[in-house]
Amino acid sequence: MVMVRRFLAVGRMVVAIYAGYKGLQIAGWVTGASRRPDYYDAHHRRSARLIYNTAVRHEGLLIKACQFAGARADILPLAYVEILSELQDRVPPRPFSAIAPWIESQLGRSLGECFEHIEEVPVAAASLAQVHRGRMLGGREVAVKVQYPQIDRIIATDMANFSFFINLLAFIERSFDFRILLDEVRKYVPEELDFVNEANNARRLAENFAEDDSVMFPTPIAELSSRTILTMDYIEGIKVSDVEGLDAAGIDKHRVAELLVTTYLRQVLVHGFLHGDPHPGNLLVRPGPVLVILDLGLAMECSEELRRGLIKLSAAIIARDAARIGAAFRELGFETRSGDDDTFITLGELFLGQALEAHQAYADLAMIERIQEQLFGALRANPIVKASSDLLLVLRVMGLLSGLGKQLDSQVDPLTVMMPFLTGREKKKD
């Protein structure tokens, strides 16, 4: 019954949104009138609110999808960003009356045996878990991340529903085939449900940045953690997208934007280990600036082959060398239906070329619109039939950082910041 209810809820949402946009499109064809921004803006807002309400009501993967969409200020209409970004760290929490016995059952001890104090109202609530501030018996201030009871079953139901609707959409609108992204979700979501994995990720990332005092990670506390409970040091900071808060604290938002870019480039191209979920709810800033990275369940090993491939692809895009762009995509595991490189070249422009040409570290709506028609045309004419899930995660991270770059009014020149990594001048410290 739960699966049926969730299926129908997602189905109603998809049909309502799709029918609205299709209706506007057909009306434009019939009347011959130019696109009416006010009509589309109104439907953007209705659609975003419908997605938000459906996600709040049913939680699970719907919330995670909203968190991703709400960070894409670079390419999504403003209404979607404004409404869906509310779910980045303000998901309606579960009552403590349900959470407290769950913590005790998972740790095998009473709360009094584990903590001197734990606040009943969470400091954050997200798609898979909520976080409570607490104090250990020795006085150490901690954050207790609690996975929602039975969330794994909800995720399994949502995966089945998403699979159905994504396959249906690919059949109806062949230019919108998101099955590759569905494979990415299938691969990485189970890792986010394992807090032992997250604790290991936190330790590894902290070790990689041990000599860099501009980046911080919470330290996990093994004796008060399990697969579903993660206790770690409590770290305060300003949400990275809170531009007014940064300004009030005397923190230069442009330096924060540059720190974001260099930190994630270093993870991919130097350390070979990447935090895969840098949405605003997971990033705090302290004076310095110091970047605090939270929620480390989604992380990826970047193989030497992937790093070499990314360097080759970036260099080829910088050189505007179509043959090398195509060869780099194929080396990274991508294939097109025809075997030609036209789609890869267009993707290269979206991936990096436009940002390099504009000398800005984020893509805005005007930039996207300049190549959107060519991209969709290329995908229709010669679709991608095989893709690397690892590279898709890297592209997702870049997309999230692009959205943050716009919010921070990033002044970073992509070519300038990338060159030390591409030429090998940025190396791992021994």
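No value in this document is a laboratory result; all are computed from the given coordinates. Computed from a predicted model, the values in this text were never measured in an experiment. Cβ sites come from the backbone with ideal geometry, for glycine too, and all protein chains shown count toward neighbours.
Stretched out fully, how many nm does the piece from R46 to E211 gain, at 0.36 nm a residue minus the Cα gap?
54.6 nm is the gain from fully extending R46 to E211.
For the pairs K187/K386; K64/K145; K312/K406; K64/K187, note any where the Cα-Cα span goes beyond 18 Å.
K312/K406
Out of the stretch 190-251, which GluC sites (Glu not before Pro) are coil in DSSP terms and have no more than 16 other C-beta atoms within 10 Å?
Of the GluC sites (Glu not before Pro), the ones in loops of the stretch 190-251 whose Cβ has at most 16 other Cβ atoms within 10 Å are E211, E236.
Rank these for me by crowding, W102, W29, going from fewest to most other beta carbons within 10 Å.
By the 10 Å Cβ count, ascending: W29, W102.
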